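The values are calculated or read from the model by the stated rules, or taken from the named source; none is laboratory data. Computed from a predicted structure; not experimentally measured. In this analysis, Cβ positions are derived from the backbone assuming ideal geometry, glycine residues included, and neighbour counts consider all displayed protein chains.
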Amino acid sequence: MYENEIKFKIANLTSLLTNLEKKNCKFTKESHQIDTVYVKQETPGIHIVSGEPVVRVRREGNKQWLTLKREISDGAFMEHELETSQSEEIFHILTNLGMKHFVEIDKERKTGTIDDFNICLDKVKNLGDFLEIEYLTELEWENELAKAKIIALANELGLDTQNIVYKTYNTLLLESIHGEDAI
């Protein structure tokens with residue numbers, strides 16, 4: 001399974017919410033998520049190289065997930081995830097595999113759907129409001145078509161492609177702390 005997503009910085013949240021309602025977006029879940037991100041020990045500075053593995057431990061309420069993500073092309077990720085309750089053991093496993101703590105992201109998330117699209121409306125602490133539009137594909141060659149579908153929906157929602165955010169929350173948060181040119 002390939003996860004294709006494009007993230008937008010929200011300029012006008014009220015307008016976006018109106019447009020989501022017009023498109024019959026059904027928000028089915030609201031949650032507070034804390035993501036602890038781990039990268040390879042030798043990862044330099046604050047920028048993760050495309051193709052390198054990233055491990056995320058997501059806590060949401062009394063549940064927790066361990067996720068391995070690897071970007072295979074701009075905005076397309078290979079992802080494997082499992083639910084776990086072994087926080088301390090995960091930390092020991094990751095550090096013994098040569099992973100290091102990278103950043104922690106604190107966000108309020110509303111998830112929903114519009115047709116075959118998954119929608120995530122995020123309020124990220126110290127960064128602001130974002131909308132992620134996700135479209136899943138079975139085959140890697142379908143990823144470019146998926147991105148075109150995402151852009152078409154974004155246009156219908158009144159989102160400006162100039163507000164596409166190509167960086168992860170990880171990088172954006174670290175840049176806000178250390179500066180964009182930090183190595």
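When you scan segment 111-127, how many residues do you find that are surrounded by 15 or more Cβ atoms within 10 Å (Cβ to Cβ), touching a Lys or Arg at 6+ places or on another chain (Cβ under 7 Å) and closer than 26 Å to His47 by Cα? So the answer is 5. Do we find that Ile72 is in a loop (DSSP other than H, G, I, E, B), within 16 Å of the chain's Cα centre (by Cα) and in contact (Cβ under 8 Å) with a residue 12 or more places away in the chain in this structure? It is false that Ile72 is in a loop (DSSP other than H, G, I, E, B), within 16 Å of the chain's Cα centre (by Cα) and in contact (Cβ under 8 Å) with a residue 12 or more places away in the chain. Taking the criterion of being free of Cβ contacts under 8 Å to residues at least 60 places away in the same chain and out of contact with any Lys or Arg (no Cβ under 7 Å at 6 or more places or on another chain), the residues of segment 75-84 that qualify are His80, Glu81, Leu82, Thr84. Pairs linking a residue in segment 17-40 that is more than 30 Å from Gly98 (Cβ to Cβ) to a residue that is basic (Lys, Arg), with Cβ atoms under 6 Å and 6 or more positions apart or on different chains, are Phe27/Lys110; Glu30/Lys110; Ser31/Arg109.
Looking only at residues in segment 45-68 that are of a type in the set (Val, Ile, Thr) and touching a residue at least 60 places away in the same chain (Cβ under 8 Å), the one that is nearest to Glu79 (Cα to Cα) is Val54.
In the set Glu108, Glu89, only one residue is surrounded by fewer than 16 Cβ atoms within 10 Å (Cβ to Cβ), of a type in the set (Asp, Glu) and either assigned to a strand (DSSP E or B) or touching a helix residue (DSSP H, G or I) at 6+ places or on another chain (Cβ under 8 Å) (or both); that residue is Glu108.
Matching residues to (1) among the aromatic types (Phe, Trp, Tyr); (2) within 19 Å of the chain's Cα centre (by Cα); (3) surrounded by 14 or more Cβ atoms within 10 Å (Cβ to Cβ):
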| position | (1), (2), (3) |
| --- | --- |
| Glu5 | no, yes, yes |
| Lys22 | no, no, no |
| Tyr38 | yes, yes, yes |
| Thr43 | no, no, yes |
| Arg58 | no, yes, yes |
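Number of residues in segment 20-60 that are outside any strand (DSSP E or B) and modelled with pLDDT of 90 or more equals 6. Just to be sure before I move on: is Ala148 free of Cβ contacts under 8 Å to residues at least 40 places away in the same chain, assigned to a helix (DSSP H, G or I) and small (Gly, Ala, Ser) in the structure I sent? Yes: the conditions hold for Ala148. The listed residues are Leu94, Leu66, and the only one of them that is of a type in the set (A, V, I, L, M), assigned to a strand (DSSP E or B) and more than 20 Å from Leu172 (Cα to Cα) turns out to be Leu66. Considering segment 151-176, the residues that are of a type in the set (Val, Ile, Thr) and either part of a loop (DSSP other than H, G, I, E, B) or without any contact (Cβ under 8 Å) to a residue 24 or more places away in the chain (or both) include one that is surrounded by the fewest Cβ atoms within 10 Å (Cβ to Cβ), namely Thr161.
Could you check, for segment 97-114, whether at least one of its residues is over 22 Å from Tyr2 (Cβ atoms), polar (S, T, N, Q) and under 17 Å from the mean Cα position of the chain (by Cα)? Scanning segment 97-114, I find no residue that is over 22 Å from Tyr2 (Cβ atoms), polar (S, T, N, Q) and under 17 Å from the mean Cα position of the chain (by Cα), so the answer is no.
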